[in-house]
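Take a look at the structure below.
The values are calculated or read from the model by the stated rules, or taken from the named source; none is laboratory data. The shown structure was predicted, so the numbers you read here are calculated from the model rather than taken from an experiment. Ideal geometry is used to build each Cβ from the backbone, glycine not excepted, and the neighbour counts take in all protein chains shown. All accessible areas refer to the heavy atoms of the entire protein, side chains included, with ligands and DNA or RNA removed. Shrake-Rupley method; radii C 1.70, N 1.55, O 1.52, S 1.80 Å.
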Amino acid sequence: VQLQAYGGGLVQAGDSLRLSCAISGRTVNNYGVAWFRQAPGKEREFVSGMFWSRTSTNYADSAKGRFIISRDNAENMVSLQMNSLQPEDTGVYYCAASSRGKVPQTANEVEYWGQGTQVTVSS
């Protein structure tokens with residue numbers, strides 16, 4: 001499975017960004033997909049995730065109410081709409097996937113990583 005993330009950038013506090021991750025290589029109907037982020041000097045942390053074939057979603061407390069994860073079956077893509085961005089949202093964002101029957105919520109649970117995309121939020 002190959003994951004290609006894009007959509008990062010430099011924005012101001014309060015702005016929005018939409019990250020997208022194109023998934024290729026195999027059908028991911030039974031995969032959990034997620035977004036993680038890593039701020040400078042910090043560990044990679046879970047942001048949001050969902051099981052590909054279900055509608056339920058998971059969010060870190062920091063993302064609840066501001067971020068929305070979604071998937072496009074036709075395009076085989078998972079996206080993260082980020083609203084009301086704050087400087088503490090700054091980091092490298094990674095899309096991730098796991099075939100182990102659950103949404104990966106720790107780095108150890110991830111089987112496949114995309115390359116990161118930088119999000120920088122200025123105050």
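Side notes on the structure shown:
- The range 7-29, residues that are surrounded by 12 or more Cβ atoms within 10 Å (Cβ to Cβ) and under 14 Å from K102 (Cα atoms): V28
- Residues that are closer than 17 Å to E88 by Cα and either touching an Asp or Glu at 6+ places or on another chain (Cβ under 8 Å) or not aromatic (F, W, Y) (or both) within the range 20-50 comprise F36, R37, Q38, A39, P40, G41, K42, E43, R44, E45, V47, S48, listed in sequence order.
- Selection status of F46, in contact with a Leu (Cβ under 9 Å, 6 or more places away or on another chain) and of a type in the set (A, V, I, L, M, F, W, C): no
- Test for P87: is it at pLDDT below 95, under 20 Å from S123 (Cα atoms) and out of contact with any His (no Cβ under 8 Å at 6 or more places or on another chain): no
- Residues located in the range 25-41, provided they are assigned to a loop (DSSP other than H, G, I, E, B) and among the basic types (K, R): R26
- Residues in the range 82-112 that are surrounded by fewer than 16 Cβ atoms within 10 Å (Cβ to Cβ) and either touching a residue at least 60 places away in the same chain (Cβ under 8 Å) or of a type in the set (V, I, T) (or both): N83, S84, Q86, P87, S99, R100, G101, K102, T106, A107, E111.
- Residues in the range 42-57 include at least one that is open to solvent by 50 Å² or more (accessible area, probe 1.4 Å), modelled with pLDDT of 95 or more and part of a strand (DSSP E or B).
- Among the residues of the range 58-81, just one is more than 24 Å from V121 (Cβ to Cβ) and open to solvent by less than 50 Å² (accessible area, probe 1.4 Å), namely N76.
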